[in-house]
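Notes follow once the structure below has been shown.
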Amino acid sequence: MRSRAAAWRARHSAEDGFTLLEILVVIVIIGLLIGLVAPAVLRQLGGARISIAKQSIERLGSVLDLYKLDVGSYPSSDQGLEALVQQPAGVDSWNGPYVQGDKLPLDPWNHPYLYQDPSTRQGLPYDLCSHGPDNVQGAPGESGMICNE
């Protein structure tokens, strides 16, 4: 007489595991899900980088305002944003460094921010821009660039 466990195994041994067809169906379903979800996730990632660039430009603008309070003017285009890290020649009332670390931050696409004083755009004291996701080269405020407002 066989035990109950042996009888159960004998009945279900043919049903154990997955067939090749079942595995292929699961792979196709996973592929479809990835194909539908991945573009939406990548769009969100791109939007997040643009948002981070805008927030970073605002923060750097606040740091430039602190520099102006100490020194009396914004850094010149020649001094650039480097004036926030190292004291420029001839500036006695510098009270920096104004950013943490010894390097300037990069935009979300690992490019340096562009700084120009005075601004080429009306009503702004300076231009502070990122080339944006397409690394657009051009004047501040052109399409694709992300700039202070």
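The values are calculated or read from the model by the stated rules, or taken from the named source; none is laboratory data. All values reported here derive from a predicted model rather than from experimental measurement. Heads up, the Cβs are rebuilt from the backbone with ideal geometry, glycines too, and the neighbour counts pull from every protein chain shown.
Exactly one condition in (1) closer than 18 Å to Gly144 by Cα; (2) part of a helix (DSSP H, G or I); (3) among the aromatic types (Phe, Trp, Tyr) is false for Tyr67; which is it?
For Tyr67, the exception is condition (1).
Whether any residue in the stretch 43-50 is assigned to a helix (DSSP H, G or I), surrounded by 11 or more Cβ atoms within 10 Å (Cβ to Cβ) and either modelled with pLDDT of 90 or more or among the charged types (D, E, K, R) (or both) is what I want to check.
Looking for residues that are assigned to a helix (DSSP H, G or I), surrounded by 11 or more Cβ atoms within 10 Å (Cβ to Cβ) and either modelled with pLDDT of 90 or more or among the charged types (D, E, K, R) (or both), one finds at least one in the stretch 43-50, hence yes.
Residue-by-condition table, conditions (1) closer than 15 Å to Val63 by Cα; (2) at pLDDT 90 or above; (3) buried (at least 16 other Cβ atoms within 10 Å of the Cβ):
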{"site": "Gln100", "(1), (2), (3)": "yes, no, no"}
{"site": "Tyr126", "(1), (2), (3)": "yes, yes, yes"}
{"site": "Gly132", "(1), (2), (3)": "no, no, yes"}
{"site": "Pro140", "(1), (2), (3)": "no, no, yes"}
{"site": "Cys147", "(1), (2), (3)": "no, no, yes"}
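Kindly indicate whether Gln79 is surrounded by 10 or more Cβ atoms within 10 Å (Cβ to Cβ) and touching a residue at least 24 places away in the same chain (Cβ under 8 Å). Steps first, answer last, please.
Numbers: surrounded by 10 or more Cβ atoms within 10 Å (Cβ to Cβ): yes; touching a residue at least 24 places away in the same chain (Cβ under 8 Å): no.
No: the conditions fail for Gln79.
Tally time: how many residues in the stretch 103-137 are in contact (Cβ under 8 Å) with a residue 60 or more places away in the chain, part of a strand (DSSP E or B) and of a type outside the set (Ser, Thr, Tyr)?
Matching residues across the stretch 103-137 total 2.
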